[in-house]
Structures are given as C-alpha cells and as structure tokens.
Amino acid sequence: MRKILSMSFLMMFICVGIFSCETATESEEDLSKMVQISGQVVNSTTGVPLENVVVIVLDYTPEQAALTNADGQFNFQFEIAQTTAMNLVAFRENFNPDTISVLAVPGRVINDLKFELLSGSAPVLPTGEAASIILAKVSPSAIGVRESGSPEVAEVVFEVQDSLGMPVDIKHKVLVNFYIGSSPGGGAFIHPSNGETNHMGQVKTALFSGDSAGVVQIVAVVNQGGRILQSKPVTVAIHGGLPDATHFSLAVNLLNFPGYNIYGLTNGITAYVGDKYGNPVKPETPVYFTTTGGIIAGSALTDLMGRASVDLMSAAPKPNHPTLGHGFATVTGRTADENRNTIEAYAIVLFSGLPQISVSPNSINVPDKGSQSFSFTVSDQNGNPLAGGTNIRVVVESGSVEAVGNTNITLPDTHSPFWTNFGFTLIDTTPDSLFNHVNVKITTSGPNGNLETNISGIAR
C-alpha cells in the first residue's frame, strides 16, 4: 500500500513539477496566457537563502502557494486572462513577512524577484519620517516598443528614506505616486500609479512601452504632511521594433569612386533601418550585404539611430550592370521584418576607370573677327563620368584667340552621363588679316588619373 501511495505521489510531483500533465499538448494560444513568476527568499541580515518559506500569490483564484527549496528559490506558473496587479507575500516562523507587488501580464516571465526577510528576533531600530526618495533599481534599463521582440516592461523600485538616510520602517510607511515626465508618447504608461512603501521603505511600479522609441522619465512623489518630496527623474530608454520594408534604405558615401582599375579603394555603405512606426529599430539589429562588384563586408549591426555601416572595397570582379553597363555595381542590403520575411534595399555604385578625352572638330580654323565652337568628351574608359573632384580645363597656349564656355570645371560626385559632354568656343581677339598659329590644351586631373590632349590650327 505504501508503494502504491508513493508511486501516486511521484506521479503527482512530476505533474506539478512541469506545471501540468497536459503541458506538452497545450496550444500556443494557451501558452500565451501563462505567466511565470520566480525568485528567491534570503535573510535580510546575512543574505543567506531561506528554505521552507511559504510564498503566496494574492489577488488570484485559486490561491497559489509554494515553498522555497534549499537555495531559497520558488516558482509559479498559472494562467491569467488579462493584465493583473498582484501581491506576493513570503512567510516563515520567527521572521517578519515581506510583500512584493508585481504586474502579471499574459505571456510575461518574471524571474528576478527577491524577498528579504528580517528576523523577528533581530532588533529593529525605529526610523524617522520620510525625507527623500531615491532610485533603488530599474530593470531592465532599456525596453523595446510593442511587438519588438524585446522586453516591453521595466520594473522601477524607489526607496523612501528618513533625514538620516535610513529606509523608513513600516510604521512610517507613505503613499508614493508615480508620474511620467518627458516621453516620446506612443501610449507608454506606468502601472500601478501609486503604492505604499514596505518594511524596507521600498515601493515598485512598472513602465510599459508604447509604439514610439525615445526616453521616458519617471518621477516618484510623496505628500508628507503638506510637504512635497520628489525623486530625481529616472530615465528608461525605449528602443524601436523590428525592421519594416518601407523604412529600409541604403546610401553610399561616394556614388562614383575610381575602383574599376585601382583595387583596394574603399567606399562607405550605410543601411538606414526603421520600424513600422518610423523609429530606429532596436540596436544591434543585423543587416547583411552583398555586391555585384568588388568585395563588401558581409554584415553589420545597427546603432542607436538604426544605422549599419560597412565598407565596399574595389576588387575583382569588375562590375557589369545588365542595364547601365560596365562599371556599375548593385549593392544589396538584407534584413528580416516582424513576420520573418526577408526585406531588401539597393544602391548603385559606379566604379570609374581611366580617363579619356575626345574633341570635335580636332583642328582649329577661326575666321577673322569670328569664332569656332568645339564639343569635347571627358569620361572614363567605359564612357562613364570620372570621380567627383576631377578638374577639367581648356587652356589657350598660343594664338590670338580667347576660349569661352566649359573651360574650368570641377566634377561633382555623380554617375550621370550629363557630366561627360562639354563645349567651348574660340573667339578671334585680333581683327586683322594676319594668320597666327593657335594651340589649345584640354586637361583632366583627379582621382582617376591625369590626361591631356592638344588641338592646333590657325586664326585668320
């Protein structure tokens, strides 16, 4: 009979240990209603874990109770239909009970609760009235916007002290009200909005994120006999959510860099990643990069502003875009949105090559009191514009003519073919019937290299 009872007790223990014999068959919907609460009970004087402490969850039916193990650990798991403020009380003989307030949210895991029981036989020194409020703990210091995959709740614990800096005792407990100072908005709120200090002079509230990233300030206020006590603002950062396709883009440091023939040059590529609310995504969101020309760093993590930057390096293969032609590369950035779908952003980079110059007509014949016009092209070997900062000049080296038009140009950073075609006009500056020899030099100098060409002829 004893063996049968032992086996029954063992089966019951196994079921309790895993919270339910039907856990393995519960649906995801059922699991989403579960709340897990765990923590530790220690001696407030020695810090030693306390065994066989009874921990009870109030404000919940049926009543939940647990005993701490040899490490002072306790654990609860039960279903709730909606967000509920609850109190947990820890009892043990010869110790003063302690109470902790929690905000139970369906699907939430609370695993850092700590009761500190004061021995009933230990002398307790009386404290004075409340004189100041300080921050005892904020955990975590940063949370994420709703549906971001990051923790969405931060617990904030304040401590009320007397004029000697001692936490007020239970006889001098006070009601503490909590307020939000500055906030990015978006529905962030605190709950509960007030609470009484416990035997350690502490009181707790929780900040719930909304849908806007930014910094939230929380202030604790006590009305002590008409005298207002106020804490310094406590700041909690709310980070953005997961990437959103409409808020994902790439930018390049240089649209055009001379990497077609020169290997080892670098060009900065930055991904700008926002969530569906237009806020920067949570820090350290990964972005992956590929390129059709050269070599690019494979990935980077976003910073506080949602930026992820890598270097594109000129190297083989030389790019050849199916539409734009030789020299043009496509850089792609990839990440995943809240639905686990891959989203992409693109940027076009021109790897420009060696300079070349052509001019038409290629000989000079300026009529007396007249002029002659020329068109010329300065481009790289693929007919693309040279890199930004390239200087193009037209200089009359000899002859009684003046050159006007595109005679001194500095190229912008561009891959537009507009910046390959130019023109100038030679004007006779000495109206007479004498012939004079004219020589004009066209030069280009810049990141792609230097080149010059000359045309010559006569002015009448």
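The values are calculated or read from the model by the stated rules, or taken from the named source; none is laboratory data. Predicted model only: the values in this text are computed from it and were never measured. Here the Cβ positions follow ideal geometry from the backbone for every residue, glycine too, while neighbour counts run over all protein chains shown.
Here are the numbers for the structure shown:
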item	result
Of all residues in the range 184-214 being buried (at least 19 other Cβ atoms within 10 Å of the Cβ) and polar (S, T, N, Q), the one that is nearest to Gly225 (Cα to Cα)	Thr197
One residue from Gly107, Gly149 being outside the structural domain of Gly201 (by TED's automatic domain parsing) and part of a loop (DSSP other than H, G, I, E, B)	Gly107
Cβ pairs under 6 Å, 6+ apart, first in the range 311-338 and hydrophobic (A, V, I, L, M, F, W, C), second in a loop (DSSP other than H, G, I, E, B)	Leu312/Gly294; Met313/Gly294; Ala315/Tyr263; Ala315/Gly294; Phe328/Pro319; Ala329/Thr292; Ala329/Gly293; Ala329/Pro319
Total residues in the range 257-284, condition modelled with pLDDT of 95 or more and part of a loop (DSSP other than H, G, I, E, B)	8
Single match in Ala81, Ala70 (criterion: exposed (fewer than 14 other Cβ atoms within 10 Å of the Cβ) and under 39 Å from the mean Cα position of the chain (by Cα))	Ala81
Single unsatisfied condition, Glu51 versus (1) more than 19 Å from Ala206 (Cβ to Cβ); (2) part of a strand (DSSP E or B)	(2)
Only listed residue being without any contact (Cβ under 8 Å) to a residue 24 or more places away in the chain and over 17 Å from the mean Cα position of the chain (by Cα), chosen from Ile296, Ile228, Ile218, Ile262	Ile228
Among the residues listed as Thr266, Thr235, Thr270, the single one being in contact with a strand residue (DSSP E or B) (Cβ under 6 Å, 6 or more places away or on another chain), surrounded by fewer than 22 Cβ atoms within 10 Å (Cβ to Cβ) and either among the acidic types (Asp, Glu) or not assigned by TED's automatic domain parsing to the domain that holds Asp311 (or both)	Thr235
All positions within the range 133-142 that are over 16 Å from Phe178 (Cβ atoms) and surrounded by 15 or more Cβ atoms within 10 Å (Cβ to Cβ)	Ala142
Residue match in the range 298-309 (condition: part of a loop (DSSP other than H, G, I, E, B) and among the aliphatic types (A, V, I, L, M))	yes
Per-region count, the range 351-360, residues crowded, with 18+ Cβ neighbours inside 10 Å and either of a type in the set (Gly, Ala, Ser) or within 29 Å of the chain's Cα centre (by Cα) (or both)	2
Residues (without any contact (Cβ under 8 Å) to a residue 40 or more places away in the chain and either assigned to a strand (DSSP E or B) or in the same structural domain as Pro192 (by TED's automatic domain parsing) (or both)) located in the range 59-93	Gln64, Ala65, Ala66, Leu67, Gln73, Phe74, Asn75, Thr84, Met86, Asn87, Val89, Phe91
